[in-house]
1. Under 16 Å from the Cα of LYS202, which aspartates and glutamates turn up, not counting those fewer than eight places away in the same chain?
2. Among the DSSP beta bridges whose two residues both lie in the chain, what percent are antiparallel, rounded to the nearest 5?
3. Considering the chain as a Gaussian network with a 10 Å cut-off on Cα pairs, which listed residue, TYR306, TYR162, TYR172, attains the greatest mean-square fluctuation?
4. Out of segment 67-139, which GluC sites (Glu not before Pro) are coil in DSSP terms and have no more than 13 other C-beta atoms within 10 Å?
5. Go ahead and collect, in residue order, the members of segment 111-143 whose backbone nitrogen is under 20 Å from a label point 7 Å along the Cα-Cβ direction of ASN58.
6. With a 4.7 Å Cβ cut-off, tell me which Cys residues in the chain come up empty for a partner.
7. Give me the one-decimal Kirkwood hydrodynamic radius in Å for segment 195-386, with the sum taken over alpha-carbon pairs.
8. For segment 2-147, what D do you get in µm² per second when you plug the Kirkwood radius from alpha-carbon pairs into Stokes-Einstein at 10 °C and 1.306 mPa s?
Amino acid sequence: MNVLVVNAGSSSLKYQLFDTSANEVRSKGICERIGMEGSRIEHKQADGTKTVREHPMNDHTDAMRVVIDALTDPVIGCIKDMSEIEAVGHRIVHGGAYFSESVLVDAEVISKLEKCKDLAPLHTVPHLMGIKGCTEAMPGVPQALVFDTAFHTTLPEYAKYYAIPYEMSEKYEIRRYGAHGTSHRFVAAEMQKILGRVENTKIVTCHIGNGASISAVKDGKCIDTSMGFTPLDGVEMGTRCGAIDPAIVTFLMNKEGFTPDEMSTFMNKKCGFLGVSGFSSDSRDIEAAILENNHRAWLAANILAYQVKKYIGSYAAAMNGLDAVVFTAGMGENNPELRDRACMDMEYYGIKIDRELNAVTHHQPNIVELSTPDSKVKVYVIPTNEELVIANDTERLVRGM
C-alpha cells in the first residue's frame, strides 16, 4: 500500500511516501514557509536526488497540492497520479485522555482532537491544519492519526498522577502523558526482536535529541516515562530545562518579573544546553567546545549524561531488573560521548560497553550492539523510524475498515 505520512507544523509540512509492502520510502520532502513569502518545497527522490522549487502556498491545502504535484511530476515524481496514494497517516503529538491508540479520521475524532489544543497548542493547531489540507486536496482518501502519547497510556496510576488534589487532576486532565511514544514503541519492539521475546523483557529506551525523553518498557508496555504533562519535563534538552524544583518557577517570576507566558518561554526556549553553555543548543557545538576546555560546555553535557544515568538506574529499580538499554534519535544515535558518559561506572547494573566501537558509531543506518560479551545488560544503538510505524498503523487501520 502507498501511504503518505504527514507531519504538519505551523508553517511547514514534512512528508514521506511509503510502499508498505516493502517498508520502503519512495520519496520524501518538506514544504516550508507556508503562508509566508518565499514558500518552497524541497523534494527528495528515492535515490537521494534533491529538487528545490519555490511555490506560493497560502495554507496547508496549497501545500498538500504542491506535494501531490511533486509526487506525480513526470521527472521527479514516483507515481502517475494521486489515485495511487491509498491512505494518509498523520503524526500527532498529543492525544490527551481521548486517544490510547491510532484511529481513522472522522468527525468525532476531529472534535476530540480539538479538545487537545490546550495541552499542546503549538502542535495540535498545525496538526488540524494538516488534516484539513489533506481532506481538501485529497477528498475521499482515508486518513489515520498516530499519537505520540498513545504508547504511554499504559502507565500505572501511581506513575501517571501527580501529588496535587485529585479533583484538579480530573478537572483539568493533569497527568503524565509523555512524548516521543512512536519512537519509543519502535525501538523497544526492535529490541524485543533482538532479545527474542516480548514477555519478561525489561528495556530502557533513551530518545535523546534536541527534545529528549526516556521510557521504561516492561513486557512490551510502557510503565514510566520522563516527559510529563508537557514535553518540558524530564532531562535537560537543547533549550528546555527539564525537571526542576517547582519553587524555582515562582522564585524567578518574582525576581525577574516574568509573566506566566514569559516564564514558560524562558523554560522552553532559553534553558537546557543553551542556558547552561551560554552559546548553543546543539550538542555538536557543545562537544567541540569541550575539546577547547570550555567548562560551561562540559557542565551542560555532563548534566544530561548524569540525568540519563539516573533514569536508567531508577527504571531498573522500577522494573526489578534490566535486560537492555537502547539509545536513539539525533544525539542518542550520533553522540558517542553522551553514550560513554551515561554508561560509565554502571558495572553495578551489569552495563559494560565497547568504548572503541562506541566512539565510531554515529551517522549510520544500522543497529549496533555496543555492549561487551560479558555485559549482563545489552546496550544498543537503534535508529528510530517513527514514519514507518505511522505508515504501518495506517495500513492496518485502512485494511480493517
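Every number in this text was worked out from the coordinates using simple rules, so none of it is lab data. What you see is a predicted model, and the numbers here were worked out from it, not measured in a lab. Cβ placement follows ideal geometry from the backbone for every residue including glycine, while neighbour counts extend to all protein chains displayed.
1. GLU190, ASP219, ASP224, ASP323
2. Of all bridge pairs located within the chain, approximately 70 percent are antiparallel.
3. Taking springs between Cα atoms under 10 Å, the residue moving most is TYR172.
4. Hits after loop and neighbour filter: GLU101.
5. 126, 128-139
6. CYS31, CYS78, CYS116, CYS134, CYS206, CYS222, CYS343
7. Hydrodynamic radius (Kirkwood, Cα pairs) of segment 195-386 is 17.3 Å.
8. Result for D is 103 µm²/s.
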